[in-house]
Amino acid sequence: MIKLVACDLDGTLFNSSLDISSENIKAIRDAQKNGIEFIIATGRAPEQSRQEIRKYGIQTGFININGALVYDAHDQLRVKHPLSQKKALQIATILERHHLYYELVTADKIYSEDISQRIVNFARSMIALNKKLSFKQAVAIAAGSNVMLSMTFVPHLRNLLLQQNLEVMKIISFDGRGPKAFINAEKEIQDLGGLAITSSGSANIEINDIQAQKGPALLDYGKTKNIQAEEIAAIGDNLNDASMIKAAGTGVAMANAVSEIKKMAQIITKTNDENGVAHILRKFISDNAKE
């Protein structure tokens, strides 16, 4: 029996228009009415993800920043795994040496040194999810998005990192050249130890504490609710979903997922433009009713 479902956002719950379909919304509510807890698992920060989801009238818990923070449906913090200040500084040094743009993500803010880089990189992310968008259209949308409103721009990220009271939950780096741009820096960061390096798209890497992954965070949250791993399902499409696809008793890949995710999942549902989340939730509801 499935009691808890964790679901990614981009490429999963969101369709190519970065919207949640009415069919997916209904299926989430139906699952909740039938005793299945639904939790969002995302690389996004808490406030940003809450705004994105609750405008649809959906009340859920959140695994935020890839698992660095986990909140229940009442916004109560259940799990926290920040980067140490020492590790954050070491990561920043490596990224700067390789001339890679990066941002610092805390529990309530995203910090950047360069507004134009943030707009361009967000636009690239949008195009990756919706091939119909032109670069010009994507830049225009990015510049006026809620994501930009949540950004805090500072002259020097390094000075920020030296503040003793700053808790960095994640460092994310973007580069339009794609995976090849990160090869050397990623190896050096991995050699630091105690870190999880994932990706939510071909043009970024995301660096968290080793415990701040969607999989471990999902299992930790399940324990707080007395839910076993075999009673948990996870739905995703990209590499930063791998840990929860592996950890959950039932791993679900979207039909539009990258090949690595499809290989490790037990079930492949429909694409994010075919209401794949609703399709699998209806299956879970039906299967639970038979038990």
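For a quick check of your reading of the model, give me the residue pairs whose first member lies in the range 278-291 and is assigned by TED's automatic domain parsing to the domain that holds Ile28 and assigned to a loop (DSSP other than H, G, I, E, B), whose second is surrounded by 15 or more Cβ atoms within 10 Å (Cβ to Cβ) and aliphatic (A, V, I, L, M), with beta-carbon atoms closer than 9 Å and at least 6 apart or on different chains.
Close Cβ pairs satisfying both conditions: none exist.
Could you grab me the full set of residues in the range 85-109 that are in a loop (DSSP other than H, G, I, E, B) and either in contact with a Leu (Cβ under 8 Å, 6 or more places away or on another chain) or closer than 25 Å to Lys223 by Cα (or both)? Reasoning before the result, please.
So the first thing to find is which residues in the range 85-109 are in a loop (DSSP other than H, G, I, E, B), and the list is 98-100, 106-109.
Selection gives Thr106, Ala107.
Out of curiosity, is Asp191 buried (at least 20 other Cβ atoms within 10 Å of the Cβ) and over 27 Å from Asp19 (Cα atoms)? Step through it out loud before you land on a result.
Values: buried (at least 20 other Cβ atoms within 10 Å of the Cβ): no; over 27 Å from Asp19 (Cα atoms): yes.
No: the conditions fail for Asp191.
Which residues, taken from the range 110-127, are in a strand (DSSP E or B) and of a type outside the set (A, V, I, L, M, F, W, C)? I'd like the intermediate steps shown before the answer.
Just the residues of the range 110-127 that are in a strand (DSSP E or B), to begin with: 110-112.
Of everything in the range 110-127, those that are in a strand (DSSP E or B) and of a type outside the set (A, V, I, L, M, F, W, C) turn out to be Tyr111, Ser112.
Taking the range 22-43, which residues are among the hydroxyl-bearing types (Ser, Thr, Tyr) and either buried (at least 21 other Cβ atoms within 10 Å of the Cβ) or not assigned by TED's automatic domain parsing to the domain that holds Tyr71 (or both)?
Here is the first cut: in the range 22-43, the ones among the hydroxyl-bearing types (Ser, Thr, Tyr) are 22, 42.
Hit for the range 22-43 is Thr42, nothing else.
For the range 165-214, enumerate the residues that are acidic (Asp, Glu) and either farther than 15 Å from Arg44 by Cβ or at pLDDT below 90 (or both). It would help to see each step written out before you state the result.
Step one: of the range 165-214, the residues acidic (Asp, Glu) are 167, 175, 186, 188, 191, 206, 209.
Once the filter is applied, which keeps residues that are acidic (Asp, Glu) and either farther than 15 Å from Arg44 by Cβ or at pLDDT below 90 (or both), the range 165-214 yields Glu167, Asp175, Glu186, Glu188, Asp191, Asp209.
Output the residues belonging to the range 225-268 that are part of a loop (DSSP other than H, G, I, E, B), of a type in the set (Val, Ile, Thr) and within 24 Å of Glu206 (Cβ to Cβ). Write out each step before concluding.
Step one: filter the range 225-268 for residues part of a loop (DSSP other than H, G, I, E, B), giving 225-228, 237-238, 248-249, 254-258, 265-266.
Retained after the next criterion (residues that are of a type in the set (Val, Ile, Thr)): 227, 258.
Scanning the range 225-268 gives a single hit, Val258.
Does Lys80 count as basic (Lys, Arg) and over 16 Å from Arg44 (Cα atoms)?
On the way: basic (Lys, Arg): yes; over 16 Å from Arg44 (Cα atoms): no.
Considered against the rule, which asks whether it is basic (Lys, Arg) and over 16 Å from Arg44 (Cα atoms), Lys80 comes out as no.
Report yes if some residue within the range 147-168 is crowded, with 16+ Cβ neighbours inside 10 Å, charged (D, E, K, R) and more than 22 Å from Gln51 (Cβ to Cβ); otherwise report no.
No, because not a single residue in the range 147-168 is crowded, with 16+ Cβ neighbours inside 10 Å, charged (D, E, K, R) and more than 22 Å from Gln51 (Cβ to Cβ).
Could you say whether any residue in the range 64-73 is in contact with a Phe, Trp or Tyr (Cβ under 9 Å, 6 or more places away or on another chain), crowded, with 23+ Cβ neighbours inside 10 Å and assigned to a loop (DSSP other than H, G, I, E, B)?
Within the range 64-73 (the criterion being in contact with a Phe, Trp or Tyr (Cβ under 9 Å, 6 or more places away or on another chain), crowded, with 23+ Cβ neighbours inside 10 Å and assigned to a loop (DSSP other than H, G, I, E, B)), the answer is no, since none of the residues qualifies.
Tell me yes or no: at least one residue of the range 13-20 is free of Cβ contacts under 8 Å to residues at least 60 places away in the same chain, in contact with a helix residue (DSSP H, G or I) (Cβ under 8 Å, 6 or more places away or on another chain) and not in a helix (DSSP H, G or I).
Here is the first cut: in the range 13-20, the residues free of Cβ contacts under 8 Å to residues at least 60 places away in the same chain are 19-20.
Those left that are additionally in contact with a helix residue (DSSP H, G or I) (Cβ under 8 Å, 6 or more places away or on another chain): 20.
Now restrict to residues that are not in a helix (DSSP H, G or I): 20.
The answer is yes; a qualifying residue exists.
Go through the range 163-203 residue by residue and tally those that are in contact with a Lys or Arg (Cβ under 8 Å, 6 or more places away or on another chain) and either in a strand (DSSP E or B) or of a type in the set (Val, Ile, Thr) (or both).
Total meeting the criteria: 2.
The values are calculated or read from the model by the stated rules, or taken from the named source; none is laboratory data. Quantities reported herein were computed from a predicted structural model and do not represent experimental measurements. As a convention, Cβ positions derive from the backbone with ideal geometry for all residues, glycine included, and neighbour counts pool all protein chains shown.
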